[in-house]
1. Mind listing whichever residues of segment 23-67 are on the phi < 0 side of the Ramachandran plot and assigned to a loop (DSSP other than H, G, I, E, B)?
2. Assess whether residue 275 counts as being touching a residue at least 40 places away in the same chain (Cβ under 8 Å), within 25 Å of residue 123 (Cα to Cα) and crowded, with 17+ Cβ neighbours inside 10 Å.
3. Check segment 92-109 and report whether any residue there is assigned by TED's automatic domain parsing to the domain that holds residue 193, farther than 23 Å from residue 199 by Cβ and in a helix (DSSP H, G or I).
4. Given the condition in contact with a strand residue (DSSP E or B) (Cβ under 6 Å, 6 or more places away or on another chain), not assigned by TED's automatic domain parsing to the domain that holds residue 65 and not in a strand (DSSP E or B), answer yes or no: does some residue in segment 144-167 qualify?
5. Checking the conditions here, which among 127, 143 is surrounded by fewer than 21 Cβ atoms within 10 Å (Cβ to Cβ), under 17 Å from the mean Cα position of the chain (by Cα) and in contact (Cβ under 8 Å) with a residue 24 or more places away in the chain?
6. Restricting to segment 168-187, count the residues that are part of a loop (DSSP other than H, G, I, E, B), more than 20 Å from residue 94 (Cα to Cα) and in contact with a helix residue (DSSP H, G or I) (Cβ under 7 Å, 6 or more places away or on another chain).
7. Taking residue 195 as the residue in question, decide whether it is without any contact (Cβ under 8 Å) to a residue 60 or more places away in the chain and either within 16 Å of residue 60 (Cα to Cα) or assigned by TED's automatic domain parsing to the domain that holds residue 94 (or both).
8. Output the residue which, of all residues in segment 150-165 that are surrounded by fewer than 20 Cβ atoms within 10 Å (Cβ to Cβ) and in contact (Cβ under 8 Å) with a residue 60 or more places away in the chain, is farthest from residue 265 (Cα to Cα).
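The values are calculated or read from the model by the stated rules, or taken from the named source; none is laboratory data. Small disclaimer: the values here were computed from a predicted structure and weren't measured. Note: ideal-geometry Cβ built from the backbone for every residue, glycine included; neighbour counts use all protein chains shown.
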C-alpha cells in the first residue's frame, strides 16, 4: 500500500495522519479501526468501546496540534448497538466534535468498526514524526503503564480499569505544544516501539534514560510499562532551550544515528520485536 500512497499529503505513510493544504486551510485526517479480541475484550461494554474508538482518533489529531472538526463512522451492527451509541454520544460531546456521517453494515463474527477524524491545523508546519534534530531533548507528557494496569483489572474483574476502558486524548496539550516541537506522536503501541518509529522517521537515535521515564506502575514493572500501549501520552522532541507550555518529563536526548534508532541506558535496541504492541 505504501507505493500507492504517493500524494505528498500521505507523508510516505510515516505519520498517523494525512496533511492536506486546501486554499488557506490545512486539513489533518486520520483513520483507525478496532476489532473485538484484538483492540478490546470480547463482551466488553460497547459504550467503552465507542469512547475508545473516538479517543484513539482524536489522539492522532492531538499529536498534530489539530482541532477536530468532524468524524465519519464505519460500524458493523451487533447485539449492543444501543450501548455503543450511548458511549459514542458521550465521547463526541466530551471532545466537542460532530459526527458527520459514515456507514453501517450487517455482519457476522468479531465486531469491527472504524472511524475517520477530520481536523484543522492550528499551526503550520504541522508536526510530524520525522523532524527530530540532533541536540533536541526528548519528552513525554505523562506516565505510561496505567492502561496496562487497567487492562489487568478489567480481565480480573476487580480494581480500577478506567485508564484502559476510557483513555483521554491530550488535545489541549497537543495544540499548545505543536509550535514548539520538532517531532511529536501519541503513544498508542508502547513508549519504546513508538520512540523507535519516531527516531526511524527522523533518521536519528533517541537515547532514553530508563529511570527518567515516568511510570504509573510499581518499579518492578517499569519495563512492562514502557512496552505496553493505550496510554495516549504524547512523545515529542524539542530544542533543549525551549520553554515548554505544558508539564512534560525529560526522558533523553536526540543524538546522531548510531547502531539503533533507540538506546536505552546506552544499550542498543535491535529491531522492534517485543518493544510494544504490533498489529
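1. Applying the first criterion (on the phi < 0 side of the Ramachandran plot) to segment 23-67 yields 24-36, 38-42, 44-64, 66-67.
Answer for segment 23-67, where residues must be on the phi < 0 side of the Ramachandran plot and assigned to a loop (DSSP other than H, G, I, E, B): 24, 38, 39, 41, 42, 44, 45, 63, 64.
2. On the way: touching a residue at least 40 places away in the same chain (Cβ under 8 Å): yes; within 25 Å of residue 123 (Cα to Cα): no; crowded, with 17+ Cβ neighbours inside 10 Å: yes.
Criteria not met by residue 275.
3. Initially, segment 92-109 is screened for residues assigned by TED's automatic domain parsing to the domain that holds residue 193, giving none.
Within segment 92-109, none of the residues are assigned by TED's automatic domain parsing to the domain that holds residue 193, farther than 23 Å from residue 199 by Cβ and in a helix (DSSP H, G or I).
4. Checked segment 144-167: at least one residue is in contact with a strand residue (DSSP E or B) (Cβ under 6 Å, 6 or more places away or on another chain), not assigned by TED's automatic domain parsing to the domain that holds residue 65 and not in a strand (DSSP E or B).
5. Numbers: 127 fails: surrounded by fewer than 21 Cβ atoms within 10 Å (Cβ to Cβ).
Only one candidate passes the filter, namely 143.
6. Step one: filter segment 168-187 for residues part of a loop (DSSP other than H, G, I, E, B), giving 168-170, 178-182, 187.
Right, trim to more than 20 Å from residue 94 (Cα to Cα) and you get 178-182, 187.
Filter once more, so that each one left must be in contact with a helix residue (DSSP H, G or I) (Cβ under 7 Å, 6 or more places away or on another chain): 187.
Residues that pass the stated criteria total 1.
7. Details: without any contact (Cβ under 8 Å) to a residue 60 or more places away in the chain: no; either within 16 Å of residue 60 (Cα to Cα) or assigned by TED's automatic domain parsing to the domain that holds residue 94 (or both): yes.
No: the conditions fail for residue 195.
8. In the first step, residues of segment 150-165 are kept if they are surrounded by fewer than 20 Cβ atoms within 10 Å (Cβ to Cβ); the result is 151-153, 155-160, 162.
From what is left, the residues that are in contact (Cβ under 8 Å) with a residue 60 or more places away in the chain are 151, 155.
Details: 151: 28, 155: 33 Å.
So the residue we want is 155.
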